[in-house]
Amino acid sequence: MIQQAYSTNAEYIETMMKQFKLVDMREQYRDLILEAESSSMDYESFLIRLLAVEEEGKRGRRTEKLRKEACFESEKHLEDIDYSFNQSLDRDKITELGRLDFIDTGENVIIIGPPGVGKSMIATGIGMNAVNAGYKVLFVNAKDLVDRLHEKMQDGTLRETLESLSKIPLLIIDELSYVKMDRERESLFFQVIRQRYEKNSLIITTNLPMGRWDELFTGKLAATAILDRLVHHCHILSITGDSYRVKGSKQSVK
């Protein structure tokens, strides 16, 4: 038997669990054996317990990896939203989006409202739900995105970058408000939108109503071409009201 090459059962178990990368089983199997003995657990139940421990550990490590790769600016959750402060927040719609069905159908979300009303928080909360469900997510500021794409175009790696972006199930573009694109950056942004159309989902937050998106691009024609693809399969959240940040600073002053 192969096992005879090892001096003890413990040495064999440790070696095999390392070889098969059973991290959580290796850390916990001794305690689980004691638990099984004390509860007279049958073999099948013990095996299920071992597998469940490994599954839970792997899921936790994957979720943490996805969270880091998502590059969220802060860790916000939909449960943290203060609906009592802003009556314009559509709790039912936000809850629905938090269930992530729009990702499975390749739909988009546009969140529109003045600064400080919670647009980025809602987008991040939906993104956190997606990460916890096992989806790959990327959160990126709109200006940073187009500048990065422009750099990739100049150094000859644009195709690889666009291909990588196109494979992310949920791309969150934050603050599509404070950027005025030239024709090159506009074309790069359009390529991102076009590649994701009816395939993978976008969340975009912006201060500008869609009727003013020509201020972001080189004109109405470009804005219309981009909006046409974005809103074809789209959920639109329009938020009004006072800024959470102003509310917080007023409370601090008091």
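The values are calculated or read from the model by the stated rules, or taken from the named source; none is laboratory data. This one's a predicted model, so the numbers in the text were calculated from it and none came from an experiment. Cβ atoms come from the backbone with ideal geometry, glycine included; neighbour counts cover every protein chain shown.
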Tally time: how many residues in the range 77-89 are farther than 11 Å from Ile122 by Cα and at pLDDT 95 or above?
0
Matching entry among Ile168, Ile172 (being in contact (Cβ under 8 Å) with a residue 40 or more places away in the chain, surrounded by 17 or more Cβ atoms within 10 Å (Cβ to Cβ) and in the same structural domain as Asp147 (by TED's automatic domain parsing)):
Ile172
Go through the residues of the range 25-45 one by one and say whether even a single one is under 30 Å from Thr124 (Cβ atoms) and of a type in the set (D, E, K, R).
no
Helices (runs of 4 or more DSSP H) (entirely within the range 40-132) containing at least 2 residues that are at negative phi and β-branched (Val, Ile, Thr):
43-70, 91-98, 119-132
Note on the range 79-94: residues closer than 18 Å to Ile112 by Cβ and either touching an Asp or Glu at 6+ places or on another chain (Cβ under 9 Å) or touching a residue at least 60 places away in the same chain (Cβ under 8 Å) (or both) are Asn86, Gln87, Ser88, Leu89, Asp90, Lys93, Ile94
Scan the range 159-192 for residues that are among the β-branched types (Val, Ile, Thr) and modelled with pLDDT of 95 or more and jot them down.
Thr161, Ile168, Ile172, Ile173, Val192
